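Just so you know, all these numbers are worked out from the coordinates, no wet-lab data involved. Source: prediction; values computed, not measured. Cβ atoms come from the backbone with ideal geometry, glycine included; neighbour counts cover every protein chain shown.
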Amino acid sequence: MAAAEHNIIIEQGADYIRTLTIRDGGGVIVDLSTGLASDFKGDIRRAHSGPLATSFTMTFVTDGTDGSILISLTDDQTNALEYDTKYIYDIFWVKPEGIVERLLEGEVSVVERITRF
């Protein structure tokens with residue numbers, strides 16, 4: 001199955017936290033309790049073959065039975081992203097049986113911060 005496309009907006013200098021719920025082709029929530037958070041990987045880059053800008057941290061929202069994972073970046077990570085720069089991202093799932101599936105892809109827009117700490 002092809003990855004879903006979803007463009008995201010990240011606010012520079014703020015934590016980025018979103019919940020992703022994994023569903024099968026029929027729309028049924030996938031039980032992730034047999035896997036580990038390390039079975040998910042997501043990166044942000046300026047180009048497909050370009051250097052890594054940053055990586056998402058992914059953790060289970062609950063015990064994994066609800067099919068949900070948290071996708072997050074710290075405020076330091078988002079602060080390091082340059083505004084007015086085109087980025088792209090994708091998220092992969094390595095299933096317990098070793099099958100690798102690309103779940104999500106899209107463009108990343110960074111909103112410039114105004115306040116400095």
> What's the percent breakdown of Cα-Cα distances in region 1-59 across 10 Å bins, shortest bin first?
Replying inline: 15, 45, 33, 8
> For the chain, what relative contact order do you get, as a whole percent, if you take Cα pairs closer than 8 Å and at least 6 residues apart?
Replying inline: 37
> Applying the Karplus parametrisation 6.51 cos²θ - 1.76 cosθ + 1.60 with θ = phi - 60° to the phi angles of region 79-92, what ³J(HN,Hα) value in whole Hz is obtained for each residue in order, glycine and proline being reported as x?
Replying inline: 5, 6, 6, 7, 6, 6, 10, 7, 10, 10, 8, 8, 10, 10
>> Taking amide H atoms as placed 1.01 Å from N in the peptide plane, list the residues 5 or more away in sequence, or in a different chain, whose amide H sits under 5 Å from that of V110.
In response: I10, D84, T85
>> For the pair E5/V28, report the inter-label distance in nm, with labels modelled 7 Å from Cα in the Cβ direction.
In response: 3.0
>> For L32, what residues show an amide H to amide H distance below 5 Å, using hydrogens built from the backbone and excluding near sequence neighbours?
In response: T65, D66, G67
> Taking N as the number of residues in the chain, what is its alpha-carbon radius of gyration divided by 2.2 N^0.38 Å?
Replying inline: 1.10
> Could you give me the ³J(HN,Hα) list for region 50-57, computed from phi with Karplus coefficients 6.51, -1.76, 1.60 and θ = phi - 60°, whole Hz, x at Gly and Pro?
Replying inline: x, x, 5, 8, 5, 10, 6, 9
